[in-house]
């Protein structure tokens, strides 16, 4: 594992230590999981992997679009609240990776975003 991948893995593990987070992973621009994954000992909901892949495809298209960046600023994160999970994506434009998170439905998205910013403050 490269030094960068190891750093991302450590950061994903910090997120996975949070009780409400089920999945935290770094996905590259080709849609491949670089590091991270489901919380150890957790049984994923049926279809979780498929849903995460579909969500990744959606957010990567949305994150690439820049037409509102000048007037509204860049995307900080995209979130989708579902009955059984909350899916959140954080784009890192310079490194062209995405952090994908799946959390319990009761999670406070703003608190989660603050935690991600704290943990990933040194990642572009």
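A few notes on this one:
- Ranked by how many other Cβ atoms sit within 10 Å of their own Cβ, fewest first, the residues 100, 72 fall in the order 72, 100.
- Among 39, 11, a tally of other beta-carbon atoms within 10 Å of each Cβ gives an order, fewest to most, of 39, 11.
- In terms of surrounding Cβ atoms within a 10 Å radius of their Cβ, 14, 84 rank from fewest to most as 84, 14.
- Calculated on the Cα set of segment 43-98, radius of gyration then Dmax: 12.8, 42 Å.
- Per residue, the average separation of C-alpha pairs within less than 8 Å and at least 6 apart gives segment 3-119 a relative contact order of 27 percent.
- For a label point 7 Å along the Cα-to-beta-carbon line of residue 115, residues of segment 8-35 with backbone N under 14 Å: 11-25
- Largest first and in whole Å, the equivalent-ellipsoid semi-axes of the chain read 21, 17, 15, each the square root of five times a Cα gyration tensor eigenvalue.
All of the numbers you see were taken from the coordinates with simple rules; none came from a lab. This structure is a prediction, so every number in the text was calculated from the model and none was measured. Note that we place each Cβ from the backbone using ideal geometry, even for glycine, and neighbour counts take in every protein chain shown.
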